[in-house]
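Since the structure comes first, as structure tokens, the remarks are kept for the end.
The values are calculated or read from the model by the stated rules, or taken from the named source; none is laboratory data. This one's a predicted model, so the numbers in the text were calculated from it and none came from an experiment. So basically every Cβ, Gly included, is an ideal-geometry build from the backbone, and we count neighbours across all protein chains shown.
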Amino acid sequence: MGQVLRVDLTKEKSAVEQLPHELVLNYLGGTGFAARILFNELKPGMDPLSPENRLIFATGPLTGTLWTTAGRWAAFAKSPLTGIWGESHSGGFFGPELKYAGYDMLVLHGRAKRPVYLWVDDGTVEILPAKGLWGRNTAETTNLIREQHGDREIEVASIGQAGERFVRFACIMNDYQDTLGRVGLGAVMGSKNLKAVAVRGSQAVKVADDDKFMELVEDAHERVLKQPQAQQMTKYGTPLLVAYKSKIGELPTRNHQTGVFANSDKLDADTIRAKYYAKTRSCFACRIMCKKVNRIPEGKYKGTISGGPEYESIYSLGTNCGVDDFGAVLRANQLCNLYGLDSISAGCVIAWLMECYERGLVTRKQCDGLNLKWGNHDAMMALIEKIAMREGIGDLLAKGSYYAAKSLGKGADLVMHVKKLEISGQDGRTHRSVALTHAISVRGADHLRSLVTVDQLGYEDTAAKRYGKDKLPEICDPYTEKYKAMVVKDAEDTFAIRDSLIVCWYSCGWPPIFWMPDFAAVASAATGIKEFGRLKEMYRIAQRICNLRRAFNVRERLDKRHDSLPKRFTHEPMPDGPGKGQVANLELMLREYYELRGWNRRGIPTKRTLTELGLLDVVRELKRLGRMR
Amino acid sequence: MEVVIKLHGDIREKAGTDTVKLPINENETVDTLLIRLSKRHPVVIEAILDPTTGELKPYFNILLNGRRIQQLRGIHTKLKDRDEIAIFPPVAGGLTDFEKR
Amino acid sequence: MARIVYVGKGCTGCKTCSVACAYAHDRAFSVKAGRIWVVKEEPLTDVPVTCYQCVRPPCKDVCPVGAIRRVDDLVVVNESICIGCGACVEACPFGAMTLHPSRGLAIKCDLCGGKEPQCVKVCPAKVLKLQVPAVVAQEKRARK
């Protein structure tokens, strides 16, 4: 198998370890590896910005190969925004390069005495001074490192000014428009005085069963060609969600007050493609080719050319702030990329402050003289810069909306978060399964670890085939809780494997191009590990990963109380649209979900469940800490 | 009495418009409306209905005032004055731009 | 005189061509061991580059040991003669010659030995073609 590069930034030393076979067998890769390492090596209650935090850059068995949608990688740490499990995935080309350099994983800990960047060139590992880099944005950093080493193809993962200042939702960027966006991993890097990781790899990735693997590769390519949603994605990218969600009343607007945005057509895929489209791009070896570069031809933001925005940015920097100017959304997204900020959290934090302002909870003076009425994109732009540089009110917002409200002493009930992570672009009132997803996801209000759209898009035939005819019509109904726990749990398991192989969310959307049987087959062919080919074993690994991640959080004192939703979703009926009057009944779904997971009523994994999955050490640990009787 | 039909994606491109307004009768349903639509914009109907079965092609969605018709009465769902029907394609008409060469 | 031709402007920079090429020759996945590469520039440039199979190849001219010949309209490197000096890499005006990242010897596009070129087969954007430049010119004239 592969190697793990361990870097101690305090001692400025590195060491290469063999990837333990046990780790691969029991955890597969990516999020699986990280779950085990972070549970083992981090102490509960540790400050995420302390040198003790681990920052793991991980790949999976498919990274760097030709299997499609596998051009991704991920990073893990204890999150400085939430204080719990932190995980974020990115596209681009960094992951394969790390593999080509000979490493399945990079584990960083400690803190350098002065700003540095890590240079990994196959077997050469150097910690170099970040002179001339510190203080630069992520694009400049990438360009400068490539210049310094005289190689324009070096892959660089870097933080911008936001990460340097420990903005709690600072991100890590690679390849100019790809991002490890959420949960503030950029701040973790900043706290280690680490400006960037630059990688160059000249080696090759081999798989165990070439013939079988390439057969699956060809099949995978064919399937993407034929899959209807993939074809739409190639043409429009993720913005294709805007029009549909607008119609069904699930386009979060003005701090999630409602799901209907008046001028959504100014921000939808048809408009974007007609007016602003410049180019299509792709992640490493991916057949879907969903990335877009857009250009603003006129108006205030004329001349802006940037990759993106993805749907989530159109929501967070657009509809959720009441902004309907596409130029503003593109420019704001670009600023987030350059400064290294999570565009979702940044937009949400701004939306929260806007609502506070509109309700008179904060004065204009408190907001540095900015007029924070809904839709004021000048103000939004100014706030993004202030947040990144931690200036003025930006310093308050940089804590994240949960702590900003606490510091302010106002607006706590207007913070749209779960476990202190700002909520992504879905609304559980008009898309019931996502209410559960947001509430239980391991890193907080995350949509990616278990988002299902069967109750958003429908496709009754596919639903019947996958879940059984008897589940219709409720399973496709966005306004009922029935069967949603089952779907979410099943997705969470499948996605745990997806996030260990490391493959894109769009590989298993709806209708899914691939599902567990496909992942089992390709994992087995890639690694030569026969057990991976057995579905039962794959599900076991998936549940092991989900339980271990949950245990990490339980160890940080999380339980049912934190598997909650803002009152806006559970008590404020949807005010507009086809879903008018709807609220999310979380309790029903939560109980069912816990049962399906084998957790007790407080949301704690039971001794039986953990033992069955071979997690006896977790039982001991949770008992020792009094989290389990 | 009339309804508004909103077209999205490739269907919009094919029809050359994003909105079609059609007059309707007392007892109009989705399927009788589609018949009307086929007379005005045959290209749209070709794009969304399977010619052999007369059914909606797989993965297409027709929304009535934001609700999928499968959640209502399917193609027998009754229509009323000023209803909005939105037609969404998941299939990009078979060929992506790259293959149209 | 056929070669791999980049048709149009639709390259998305995915590098599937590089990886498929490397795999076809080495049974291992890599970008640097491929014989076709994508040049990427921000914000809007992705262009695949590979050997033009020149009639008067500069690489052949500079090779000190005669490892490069032109055989049936194809410029070929004889690895058993090649000494890995890299003169050909510097001489190629397109940057289409490289030294294999681990073997160190010169490698270049060999049109997959007469079989279906893998890069053409796998390109998701379908922007690569095995074509004779004269035919490309003909098509352009027809379009005009």
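Per-structure values
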{"item": "Region A:602-625, subset in a helix (DSSP H, G or I) and among the β-branched types (Val, Ile, Thr), residue surrounded by the fewest Cβ atoms within 10 Å (Cβ to Cβ)", "result": "A:611"}
{"item": "Some residue of region A:137-154 being away from chain C (no Cβ under 13 Å), within 30 Å of residue A:441 (Cα to Cα) and not in a loop (DSSP other than H, G, I, E, B)", "result": "no"}
{"item": "Residues of region C:106-144 classified as part of a helix (DSSP H, G or I), surrounded by 19 or more Cβ atoms within 10 Å (Cβ to Cβ) and within 14 Å of another protein chain (Cβ to nearest Cβ), total", "result": "4"}
{"item": "Counted residues, region C:89-105 - those being within 14 Å of chain A (Cβ to nearest Cβ) and either in contact (Cβ under 8 Å) with a residue 60 or more places away in the chain or farther than 19 Å from residue C:28 by Cβ (or both)", "result": "5"}
{"item": "Search result, residues across region B:76-87 that are away from every other protein chain (no Cβ under 13 Å) and either in contact with a Phe, Trp or Tyr (Cβ under 8 Å, 6 or more places away or on another chain) or not in a helix (DSSP H, G or I) (or both)", "result": "B:77, B:78, B:79, B:80, B:81, B:82"}
{"item": "Any chance residue A:312 is in contact (Cβ under 8 Å) with a residue 24 or more places away in the chain and not β-branched (Val, Ile, Thr)", "result": "yes"}
{"item": "Residue list for region B:33-54, filter: under 14 Å from residue B:2 (Cβ atoms) and crowded, with 16+ Cβ neighbours inside 10 Å", "result": "B:33, B:36, B:37"}
{"item": "Residue B:78, sole failed condition from (1) in contact with a Ser or Thr (Cβ under 7 Å, 6 or more places away or on another chain); (2) modelled with pLDDT of 95 or more; (3) closer than 30 Å to residue A:267 by Cα", "result": "(3)"}
{"item": "Any hit, region C:95-105, residues being among the hydrophobic types (A, V, I, L, M, F, W, C), under 11 Å from the mean Cα position of the chain (by Cα) and crowded, with 16+ Cβ neighbours inside 10 Å", "result": "yes"}
{"item": "Residue tally, condition farther than 26 Å from residue C:134 by Cα, more than 7 Å from every other protein chain (Cβ to nearest Cβ) and either surrounded by 24 or more Cβ atoms within 10 Å (Cβ to Cβ) or in contact with a Gly (Cβ under 8 Å, 6 or more places away or on another chain) (or both), over region C:7-24", "result": "0"}
{"item": "Cross-chain or 6+ apart pairs with Cβ under 9 Å, region A:344-369 first and outside any helix (DSSP H, G or I), then among the basic types (Lys, Arg) and modelled with pLDDT of 95 or more", "result": "A:361/A:410; A:362/A:410; A:368/A:386"}
{"item": "Restricting region A:43-72 to residues that are in contact (Cβ under 8 Å) with a residue 40 or more places away in the chain, part of a loop (DSSP other than H, G, I, E, B) and among the hydrophobic types (A, V, I, L, M, F, W, C), the residue that is surrounded by the fewest Cβ atoms within 10 Å (Cβ to Cβ)", "result": "A:49"}
{"item": "Residue match in region A:290-302 (condition: within 19 Å of the chain's Cα centre (by Cα) and of a type in the set (Ser, Thr, Tyr))", "result": "no"}
{"item": "All positions within region A:562-574 that are more than 14 Å from chain B (Cβ to nearest Cβ), in a loop (DSSP other than H, G, I, E, B) and either among the hydroxyl-bearing types (Ser, Thr, Tyr) or over 24 Å from the mean Cα position of the chain (by Cα) (or both)", "result": "A:564, A:571, A:572, A:573"}
{"item": "Residue A:259, sole failed condition from (1) within 23 Å of the chain's Cα centre (by Cα); (2) at pLDDT 95 or above; (3) away from every other protein chain (no Cβ under 11 Å)", "result": "(3)"}
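Matching residues to (1) surrounded by 17 or more Cβ atoms within 10 Å (Cβ to Cβ); (2) at pLDDT 95 or above; (3) within 19 Å of residue A:228 (Cα to Cα):
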position	(1), (2), (3)
A:441	yes, yes, no
A:446	yes, no, no
A:453	yes, no, yes
A:460	yes, no, yes
A:471	yes, yes, no
A:478	yes, yes, no
A:484	yes, yes, no
A:492	yes, yes, no
